Amino acid sequence: MIGCRKRITAHKRKPERADIVIIGAGASGATAAKVLTEQGLRVVSLERGPWCKRETFGGDELANVNRYNLWPDPILNPRTYRESASKDPKIELFCPVPQMVGGGTVHWQGWLPRFTENDFRLRTNAGQPSGTTLVDWPISYRDLEPYYTKVEWAFGVSGAGGVNKYESSRSRDYPCPPLPTTRYGRKFYEGCRKLGYNSFPTPMAALSRPYNGRPVTVQSAFAQQHGDPTGTRSSALSVFVPDALKTGGFDLRPDCYVHEITVDQRGRCKSAVYQDADGDFIEQEGDIFLLACGAIESARLLLLSRSSQFPRGLANGSDLVGRNATFHEYSAAVGVFDDPIYAWAGGGYVAASSFEFYEHDEKRGFVSGCHIAAAGVGIPLPINWSLPDRPMWGAQVKQIDRDYFNHTFAIGMVLHDMPQHDNRVELDDKVTDAWGLPVARITNKIHENDLKMGRWVIDRNAEILEAAGAKKIYRVYPDRISGNCSHQHGTTRMGDDPKSSVLNKWCQAHEVDNLFVIDGGPFPTGTGANPTLTIMANAWRVADYIGARYNSERKPSYQRTQF
Amino acid sequence: METFFDAHQRATIEAAMARIIPTDDQPGAKEAGTIEFLDRYLSGIDFIYAKPDGSGFEKLETRRAEAWRRRIEILRAKYVEGIKEIDQRSSSRFGAAFISLTAEQQDRLLTEMERATAPGPAVLEGQAGFTPAEPALQQTSTEIDLDFFPLLTLHTRQGFYSDPIYGGNQDRTGWKLIGFEGPESLAETHAGRFTTLPFFAKEQVDWMQEKNHGPQT
């Protein structure tokens, strides 16, 4: 074996070689596991975190929002952040996503808008702002449309097709009608209507009617950042993992932390070397390897996997692994109203949306735009609810909590941050995690285009609040990318040219033909919309391609998929 | 053992908490028992996570237990030092123990402590759970990076508003104050019986009718 620096534990039996090894069992990994096992392949999934059953989740704000019950504990799994290479990195909980079976779909409330046709050709439409690495995607909306539909129908997404007038054409409506309207949603519709803006119920990973044997989603207050004890929200954990297990071909191994992907003499992936719950090192061989750890952790694993063929990290001859990282930024205008809003109803994110500012419009003075939506203020639960000018302590705090807790909501934005060459994920040279591996170091400087978009959109959101009757409005302009969306993209961008991309349009590494990355890493741009629906649709597309090719090689009679 | 503070420490922190969320015509931190919440939190790692069905607390193991032991050690040290600072300020400025000061004197002292606090990076960057420079959007604080005073205000808030199983928010004092119609118990949420549907909009949008021209309201 070349490159492996871990001593494989001798007393444990080496596991059987798999057809497919997927690293990470979150949104993209579970999607691929479902698709590939349903095509008859033997899939081993190595997930570094636990496999939490729904009974272990609960409605506990303190545990889930304040005590890292689902999020990585920064003492065990820190990251570091710096604005630029000249600054000292600081330990931060940058862009946390639950590291467990189900990944980010465990803690989300699941806003699932589709990207639009123009998202895939923004560079052509809008040009490339100076200092950015904005590019078109190597695939189009048309390539993804069938897979959007598959995911929506597998999940039972609740929404209303055709109400968002900026939505690109869809082959099928949503399987479930929209969720009930919240008071914050209703205020948003009123404000938009007064200003002549189109608005629509946010498509969500929740059931408004019984679907595929699953009951209607319980509308608890404990949803955003909480796991779902009822199993009625739609997630990779509640839908795709059970689907894959049903096939009998899915070997899901939790608490197995992959430290390295090894390569053979020809430079193809040979095995994943992981540490199991006992601390032993196990080598898992396979034909094809899929990285599905999230864009930060997948890049980190590639960079950790150094060998004589790949001294800068696996598939990183181009030095592009980790670069062009984008994270979105959530920011909001906040409105105070006379009548009660109860923004904790449904957990605060049974939302209403608009794509009125989504498409690029050069008259605004910046490139692109983004999704806006009405929601609670931050986590709108008693401990973590806040207003921007609330002091730290004293009688005034109590008065503000008492008067405004039930009377506020936010119109948030999903800032489309521009990709930049030097905004990147690397290995930290000082800080290690509890397993002794270097942590991800994020270098990220907000671009002028991001600042302009943030100011412009927050001002529009404030106008909607005003039109909806807010008596007081706060504008929170984003001034840096803090990772507060838990969205990650771009670190292994896909493209047609190996000099400017890590993966081809099938998310297959240009340099290693049995290696694929299927999380948000392949996204050349983050776009202005929540990414997970597209991550799952793209993972399904790639898995379909891999499965068809794999089966055609095994069974020559199979129709061979064309590039 | 379910406590950490000695009698003096406990009385001092309880008095400070009573100024952080004061009692007016409605109960405050004192009546909600936020000191119970905090003393229990600092007692070790037996009260970190309630079991989601409310039947007790999780037993932490392996690395998770190690991390929490470390965190609690760090927090305890901050409290021990912070209480010493309150004592010193109180005796040099007023010549008396903090608990025997008037409410106004206590407020003055706490204001001085707040001003002396170098805000931790988490506070500056708007990620602290309690006093963000902007709304706490999706982030929470890295607790151990906070200085004593912001930490005390954070824990007071947590004790006032967390599920009563953690020892504070007694008689749902905090929730009643702000009108949060939370579940009767963790078990209600766990079993799927807690619903917020009564707090959704009364009149629903008819999306079948609105399909092609956006919602009328």
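The values are calculated or read from the model by the stated rules, or taken from the named source; none is laboratory data. None of these values were measured; they are calculated from a predicted model. Cβ placement follows ideal geometry from the backbone for every residue including glycine, while neighbour counts extend to all protein chains displayed.
Here are some residues: A:Pro215, A:Pro129, A:Pro201, A:Pro146. Which one is within 21 Å of the chain's Cα centre (by Cα) and farther than 24 Å from A:Ile379 by Cβ? Even if it seems obvious, please write down each step before you answer.
On the way: A:Pro215 fails: within 21 Å of the chain's Cα centre (by Cα); A:Pro129 fails: within 21 Å of the chain's Cα centre (by Cα); A:Pro201 fails: farther than 24 Å from A:Ile379 by Cβ.
From the options A:Pro215, A:Pro129, A:Pro201, A:Pro146, the qualifying one is A:Pro146.
Can you pull out the residues in segment A:174-198 that are among the hydroxyl-bearing types (Ser, Thr, Tyr) and either over 16 Å from A:Ile464 (Cα atoms) or under 24 Å from the mean Cα position of the chain (by Cα) (or both)? Quick ask: steps written out before the conclusion?
Of segment A:174-198, the ones among the hydroxyl-bearing types (Ser, Thr, Tyr) are A:174, A:181-182, A:184, A:189, A:197.
Answer for segment A:174-198, where residues must be among the hydroxyl-bearing types (Ser, Thr, Tyr) and either over 16 Å from A:Ile464 (Cα atoms) or under 24 Å from the mean Cα position of the chain (by Cα) (or both): A:Tyr174, A:Thr181, A:Thr182.
Return yes or no: is B:Ala65 among the small types (Gly, Ala, Ser) and within 26 Å of A:Arg48 (Cβ to Cβ)? Before you say what the answer is, go through the steps one by one.
Numbers: among the small types (Gly, Ala, Ser): yes; within 26 Å of A:Arg48 (Cβ to Cβ): yes.
Criteria met by B:Ala65.
A quick yes/no check of all residues on (1) touching a His at 6+ places or on another chain (Cβ under 9 Å); (2) away from chain B (no Cβ under 14 Å):
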residue: A:His226; (1), (2): yes, no
residue: A:Arg233; (1), (2): no, no
residue: A:Leu237; (1), (2): no, yes
residue: A:Val241; (1), (2): no, yes
residue: A:Ala244; (1), (2): no, yes
residue: A:Gly249; (1), (2): no, yes
residue: A:Cys256; (1), (2): no, yes
residue: A:Arg266; (1), (2): no, yes
residue: A:Cys269; (1), (2): no, yes
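For segment A:103-117, enumerate the residues that are modelled with pLDDT of 95 or more and not acidic (Asp, Glu).
Taking segment A:103-117 first, the residues modelled with pLDDT of 95 or more are A:103-106, A:110-117.
A:Gly103, A:Gly104, A:Thr105, A:Val106, A:Gly110, A:Trp111, A:Leu112, A:Pro113, A:Arg114, A:Phe115, A:Thr116, listed by residue number.
Hey, can you tell me all the residues within segment B:177-198 that are touching a residue at least 60 places away in the same chain (Cβ under 8 Å), part of a helix (DSSP H, G or I) and either more than 7 Å from chain A (Cβ to nearest Cβ) or small (Gly, Ala, Ser) (or both)?
Hit for segment B:177-198 is B:Ala187, nothing else.
Filter segment A:335-352 down to residues that are within 12 Å of chain B (Cβ to nearest Cβ), assigned to a loop (DSSP other than H, G, I, E, B) and among the aliphatic types (A, V, I, L, M), then give me how many there are.
Total satisfying the criteria: 3.
Can you name the residue in segment A:487-523 that is surrounded by fewer than 24 Cβ atoms within 10 Å (Cβ to Cβ) and of a type in the set (Ser, Thr, Tyr) and, of all such residues, is nearest to the other protein chains (Cβ to nearest Cβ)?
The extreme case among them is A:Ser501.
Counting only residues that are more than 10 Å from chain A (Cβ to nearest Cβ) and of a type outside the set (D, E, K, R), which one in segment B:28-42 is surrounded by the fewest Cβ atoms within 10 Å (Cβ to Cβ)? Explain how you work it out, then say what you get.
Kept after step one, since they are more than 10 Å from chain A (Cβ to nearest Cβ), are these residues of segment B:28-42: B:30-36, B:38-40, B:42.
With the extra rule that they be of a type outside the set (D, E, K, R), the set shrinks to B:32-35, B:38, B:42.
Details: B:Ala32: 29, B:Gly33: 23, B:Thr34: 32, B:Ile35: 25, B:Leu38: 27, B:Leu42: 20.
Of everything passing the filter in segment B:28-42, B:Leu42 is surrounded by the fewest Cβ atoms within 10 Å (Cβ to Cβ).
If we keep just the residues of segment A:398-407 that are of a type outside the set (Asp, Glu) and within 7 Å of another protein chain (Cβ to nearest Cβ), which is nearest to A:Ala343 (Cα to Cα)?
Ranking the candidates gives A:Asn406 first.
Quick one: in segment A:90-105, of everything that is away from chain B (no Cβ under 12 Å) and assigned to a loop (DSSP other than H, G, I, E, B), which residue is nearest to the chain's Cα centre (by Cα)? Talk me through it step by step, then tell me what you get.
To start, the set of residues in segment A:90-105 that are away from chain B (no Cβ under 12 Å) comprises A:98-103, A:105.
Then drop every residue that is not assigned to a loop (DSSP other than H, G, I, E, B), which leaves A:98-103.
Details: A:Pro98: 11, A:Gln99: 12, A:Met100: 14, A:Val101: 14, A:Gly102: 12, A:Gly103: 9 Å.
Looking at the filtered set, the residue picked out is A:Gly103.
Only one of A:Val431, A:Val414, A:Val425, A:Val377 is within 27 Å of the chain's Cα centre (by Cα), facing another protein chain (nearest Cβ under 7 Å) and not polar (S, T, N, Q). Can you tell me which? Talk me through it step by step, then tell me what you get.
On the way: A:Val431 fails: facing another protein chain (nearest Cβ under 7 Å); A:Val414 fails: facing another protein chain (nearest Cβ under 7 Å); A:Val425 fails: facing another protein chain (nearest Cβ under 7 Å).
Testing whether each residue is within 27 Å of the chain's Cα centre (by Cα), facing another protein chain (nearest Cβ under 7 Å) and not polar (S, T, N, Q) leaves just A:Val377.
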